[in-house]
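Chemist: After the structure tokens below, expect a handful of questions from me.
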Amino acid sequence: MRHVFVEVLVLISLVILELSYAFAPISSYQWVVSYSQRFILGGNKQVIVINDMFPGPILNATANDIIVVKDQIGSYFYFPTLLLQKAAGGYGAIRIYPPELVPVPFPKPDEEYDILIGDWFYLDHTVMRASLDAGHSLPNPDGILFNGRGPEETFFAFEPGKTYRLRISNVGLKTCLNFRIQDHDMLLVETEGTYVQKRVYSSLDIHVGQSYSILVTAKTDPVGIYRSYYIFATARFTDSYLGGIALIRYPGSPLDPVGQGPLAPALQDFGSSVEQALSIRMDLNVGAARSNPQGSYHYGRINVTRTIILHNDVMLSSGKLRYTINGVSFVYPETPLKLVDHFQLNDTIIPGMFPVYPSNKTPTLGTSVVDIHYKDFIHIVFQNPLFGLESYHIDGYNFFVVGYGFGAWSESKKAGYNLVDAVSRSTVQVYPYSWTAILIAMDNQGMWNVRSQKAEQWYLGQELYMRVKGEGEEDPSTIPVRDENPIPGNVIRCGKVR
């Protein structure tokens, strides 16, 4: 068994990293990361465990703690990002609480549970990776896990009358999941750091990489007779049914639930999913990481300085499947991009190589980097011309999801944008043959990844980087420390930097 000892002062840059942490508390974690054989879905598989736990330990933090998380609250998860290792686990939940002086816009729950749902494959991640390298797509998943366990192997203890906050994340590789609870209402309160207008849902579509918080109030019975209930996570937009089941148990309840759960939406019902997405809106009247209301930032009134259209597609390279954005399938250079930027290796990143609009040029392999001016306010349209559902994530940022639409995007679509209370998040879905539009304030300097959250597409090139810099700061040594922390003097050098 291989072990890796990791002492984590974990620098998790979820949104905005700033300095001025001289008196901030430091959260330190010690992790032993290793492989372990686990019996999952009826078979043994080598999984990645942290401190012998799968999923890994919860990271708890408060805004401004040195983990380091600045001006951010919410529900998230961590996972390995290289070599398809996520298919072997290695993930865990992250909770970020607001500062004590910032009130939470709902009564404090009696307890919180983290629920990590995701598709699962019997195949070892190295076998799956070799298949992708050979030009093949991933197979259909073999099941859906709740917190690393198979059907009815995970349960959550409820006490009558108490209220629970469930922090739910889709940690899977490719499958959108519909989440619902038998005979219990779900009050949506937060998504990826944004408090939303409170609304009751009977089911929630949770796309790959997305996170939500819901409040669930336990039942009360005057004679004290209780039963158990099902929690479902079932695949959406697939050819056949695939589902996972967890349980809610009350004191003294029989182990097995009875009856049927709420019906899942039809597998290919995109319309209801879009309608639900549009219904999730920011609560303008409450604070999140800061005391000032979320609505005090009037994003709809800010002048857009640039529009970028990102059009995903497929290509063949030497007869093997690849995925592209604007005709370029991303390949990593010999030297890590942060070193390339810091040491100004101008022969690695070719200016203008990546088109910021769809191109009719022959698809190619390349290192896609877009230069963005620090403090710009940009408009990005994700255009998906393919049958498959997409899910995009941007590292280092949250963005306002201002519009969804079927067909090709055009300037006329701006008339329908939500410029008042669009939800702010870091991962967004793009429906088949459709577009999704976002607005984003480029207030975080650095080199940031934009990628498909679907493992196959990401691994095979559907990603790019945004290099965010201020005017006259091409030389990293000129960037003020308040805007971006410098690379440590003992940084590991490789590639062209020795």
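Chemist: Select from the stretch 382-393 the residues that are within 18 Å of the chain's Cα centre (by Cα) and buried (at least 21 other Cβ atoms within 10 Å of the Cβ) and list them in ascending order.
Modeler: Within the stretch 382-393, 382, 389, 390, 391, 392 meet the criteria.
Chemist: Continuing with this model, one more query. Looking at residue 437, is it among the small types (Gly, Ala, Ser), part of a loop (DSSP other than H, G, I, E, B) and either buried (at least 19 other Cβ atoms within 10 Å of the Cβ) or in contact (Cβ under 8 Å) with a residue 12 or more places away in the chain (or both)?
Modeler: Values: among the small types (Gly, Ala, Ser): yes; part of a loop (DSSP other than H, G, I, E, B): no; either buried (at least 19 other Cβ atoms within 10 Å of the Cβ) or in contact (Cβ under 8 Å) with a residue 12 or more places away in the chain (or both): yes.
No.
Chemist: Looking only at the stretch 317-328, count every residue that is outside any loop (DSSP other than H, G, I, E, B) and either more than 20 Å from residue 389 (Cβ to Cβ) or not assigned by TED's automatic domain parsing to the domain that holds residue 462 (or both) and tell me the total. It would help to see each step written out before you state the result.
Modeler: Kept after step one, since they are outside any loop (DSSP other than H, G, I, E, B), are these residues of the stretch 317-328: 317, 320-325, 328.
With either more than 20 Å from residue 389 (Cβ to Cβ) or not assigned by TED's automatic domain parsing to the domain that holds residue 462 (or both) added as a condition, the list becomes 317, 320, 328.
Qualifying residue count for the region: 3.
Chemist: Okay, moving on. For the stretch 471-482, name all the residues that are at negative phi, in a loop (DSSP other than H, G, I, E, B) and either surrounded by 12 or more Cβ atoms within 10 Å (Cβ to Cβ) or not hydrophobic (A, V, I, L, M, F, W, C) (or both).
Modeler: Going residue by residue through the stretch 471-482, those that are at negative phi are 471, 473-482.
From the residues that got through so far, the ones that are in a loop (DSSP other than H, G, I, E, B) too are 471, 473-475, 479-482.
Once the filter is applied, which keeps residues that are at negative phi, in a loop (DSSP other than H, G, I, E, B) and either surrounded by 12 or more Cβ atoms within 10 Å (Cβ to Cβ) or not hydrophobic (A, V, I, L, M, F, W, C) (or both), the stretch 471-482 yields 471, 473, 474, 475, 479, 480, 482.
Chemist: For the stretch 331-359, how many residues are touching a Gly at 6+ places or on another chain (Cβ under 6 Å), within 14 Å of residue 370 (Cβ to Cβ) and modelled with pLDDT of 90 or more?
Modeler: 0
Chemist: Which of the residues that make up the stretch 259-286 are under 30 Å from residue 99 (Cβ atoms), in a loop (DSSP other than H, G, I, E, B) and touching a strand residue (DSSP E or B) at 6+ places or on another chain (Cβ under 8 Å)?
Modeler: 280, 283, 286
Chemist: With respect to residue 310, determine if the residue is under 20 Å from the mean Cα position of the chain (by Cα), in the same structural domain as residue 401 (by TED's automatic domain parsing) and outside any loop (DSSP other than H, G, I, E, B).
Modeler: On the way: under 20 Å from the mean Cα position of the chain (by Cα): yes; in the same structural domain as residue 401 (by TED's automatic domain parsing): yes; outside any loop (DSSP other than H, G, I, E, B): yes.
For residue 310, the condition - under 20 Å from the mean Cα position of the chain (by Cα), in the same structural domain as residue 401 (by TED's automatic domain parsing) and outside any loop (DSSP other than H, G, I, E, B) - is met.
Chemist: For residue 344, indicate whether it is surrounded by fewer than 17 Cβ atoms within 10 Å (Cβ to Cβ), in a loop (DSSP other than H, G, I, E, B) and in contact (Cβ under 8 Å) with a residue 60 or more places away in the chain.
Modeler: On the way: surrounded by fewer than 17 Cβ atoms within 10 Å (Cβ to Cβ): yes; in a loop (DSSP other than H, G, I, E, B): yes; in contact (Cβ under 8 Å) with a residue 60 or more places away in the chain: yes.
Spelling it out, residue 344 is indeed surrounded by fewer than 17 Cβ atoms within 10 Å (Cβ to Cβ), in a loop (DSSP other than H, G, I, E, B) and in contact (Cβ under 8 Å) with a residue 60 or more places away in the chain.
Chemist: Out of (1) part of a loop (DSSP other than H, G, I, E, B); (2) within 30 Å of residue 318 (Cα to Cα), what's the single condition that is false for residue 108?
Modeler: Here residue 108 meets the rest and fails (2).
Chemist: Please state which one of 174, 162 is more than 28 Å from residue 459 (Cβ to Cβ) and either touching a residue at least 40 places away in the same chain (Cβ under 8 Å) or in contact with a helix residue (DSSP H, G or I) (Cβ under 7 Å, 6 or more places away or on another chain) (or both).
Modeler: Details: 174 fails: more than 28 Å from residue 459 (Cβ to Cβ).
When all the criteria are applied, what remains is 162.
Chemist: Looking at (1) at pLDDT below 95; (2) closer than 23 Å to residue 236 by Cα; (3) hydroxyl-bearing (Ser, Thr, Tyr), which one does residue 404 not meet, given that it meets all the others?
Modeler: Of the numbered conditions (1) at pLDDT below 95; (2) closer than 23 Å to residue 236 by Cα; (3) hydroxyl-bearing (Ser, Thr, Tyr), the odd one out for residue 404 is (1).
Chemist: Do we have any residue at all in the stretch 156-164 that's under 24 Å from residue 56 (Cα atoms), more than 16 Å from the chain's Cα centre (by Cα) and basic (Lys, Arg)? Explain how you work it out, then say what you get.
Modeler: Keep residues of the stretch 156-164 that are under 24 Å from residue 56 (Cα atoms), which gives 156-158, 164.
If we keep only those that are more than 16 Å from the chain's Cα centre (by Cα) too, we end up with 156-158, 164.
So of that shortlist, the ones also basic (Lys, Arg) come out as none.
No, every residue in the stretch 156-164 fails to be under 24 Å from residue 56 (Cα atoms), more than 16 Å from the chain's Cα centre (by Cα) and basic (Lys, Arg).
Chemist: While we're here: Take the residues in the stretch 453-470 that are in contact with a Gly (Cβ under 9 Å, 6 or more places away or on another chain), assigned to a strand (DSSP E or B) and not β-branched (Val, Ile, Thr), then tell me which one is farthest from residue 323 (Cα to Cα).
Modeler: 469
Chemist: Among the residues of the stretch 453-474, is there at least one that is under 15 Å from residue 339 (Cα atoms) and without any contact (Cβ under 8 Å) to a residue 40 or more places away in the chain?
Modeler: Checked against the condition, which is being under 15 Å from residue 339 (Cα atoms) and without any contact (Cβ under 8 Å) to a residue 40 or more places away in the chain, the stretch 453-474 yields no hits at all.
Chemist: Which of the residues spanning the stretch 381-408 are farther than 18 Å from residue 277 by Cα and not in a strand (DSSP E or B)? If you could, list the steps in order and put the result at the bottom.
Modeler: The initial filter retains those residues of the stretch 381-408 that are farther than 18 Å from residue 277 by Cα, namely 385-387, 394-397, 408.
Selection gives 385, 386, 387, 395, 396, 397, 408.
Chemist: Also, I was wondering about something else. Of the conditions (1) buried (at least 22 other Cβ atoms within 10 Å of the Cβ); (2) not assigned by TED's automatic domain parsing to the domain that holds residue 326, residue 485 fails just one. Which one is it?
Modeler: (1)
Chemist: The conditions are (1) of a type in the set (Ser, Thr, Tyr); (2) under 19 Å from the mean Cα position of the chain (by Cα); (3) at pLDDT 90 or above, and residue 35 fails exactly one of them. Which is it?
Modeler: Answer for residue 35: the failing condition is (2).
Chemist: Quick one: how many residues across the stretch 239-252 are surrounded by 15 or more Cβ atoms within 10 Å (Cβ to Cβ) and modelled with pLDDT under 95?
Modeler: 0
Chemist: Then there's this: How do the strands (runs of 3 or more DSSP E) wholly within the stretch 201-252 filter down when requiring 2 or more residues that are closer than 30 Å to residue 97 by Cβ, of a type in the set (Asp, Glu) and within 22 Å of the chain's Cα centre (by Cα): which remain? Steps first, answer last, please.
Modeler: Details: elements: 204-206, 211-217, 229-235, 243-249.
Here the list is empty.
Chemist: Another one. Looking at 374, 357, which one is among the hydroxyl-bearing types (Ser, Thr, Tyr), touching a strand residue (DSSP E or B) at 6+ places or on another chain (Cβ under 6 Å) and either crowded, with 17+ Cβ neighbours inside 10 Å or under 19 Å from residue 483 (Cβ atoms) (or both)? First the steps, then the outcome.
Modeler: Details: 357 fails: either crowded, with 17+ Cβ neighbours inside 10 Å or under 19 Å from residue 483 (Cβ atoms) (or both).
The unique qualifying residue is 374.
Chemist: Considering only the stretch 141-180, how many residues are under 20 Å from residue 41 (Cα atoms) and either part of a loop (DSSP other than H, G, I, E, B) or of a type in the set (D, E, K, R) (or both)?
Modeler: Adding up the residues that qualify gives 16.
Chemist: Checking the conditions here, which among 173, 116, 145 is touching a Ser or Thr at 6+ places or on another chain (Cβ under 6 Å) and either buried (at least 21 other Cβ atoms within 10 Å of the Cβ) or basic (Lys, Arg) (or both)?
Modeler: 116
Chemist: Tell me yes or no: at least one residue of the stretch 372-380 is closer than 19 Å to residue 453 by Cβ, at pLDDT 95 or above and not in a loop (DSSP other than H, G, I, E, B). Even if it seems obvious, please write down each step before you answer.
Modeler: Applying the first criterion (closer than 19 Å to residue 453 by Cβ) to the stretch 372-380 yields 380.
Filter once more, so that each one left must be at pLDDT 95 or above: 380.
With not in a loop (DSSP other than H, G, I, E, B) added as a condition, the list becomes 380.
Looking through the stretch 372-380, at least one residue is closer than 19 Å to residue 453 by Cβ, at pLDDT 95 or above and not in a loop (DSSP other than H, G, I, E, B).
The values are calculated or read from the model by the stated rules, or taken from the named source; none is laboratory data. Only a predicted model underlies this, so the values are computations on that prediction, with no experimental measurement involved. Because the Cβ atoms are built from the backbone with ideal geometry, glycine has one as well, and the counts that use them run over all protein chains shown.
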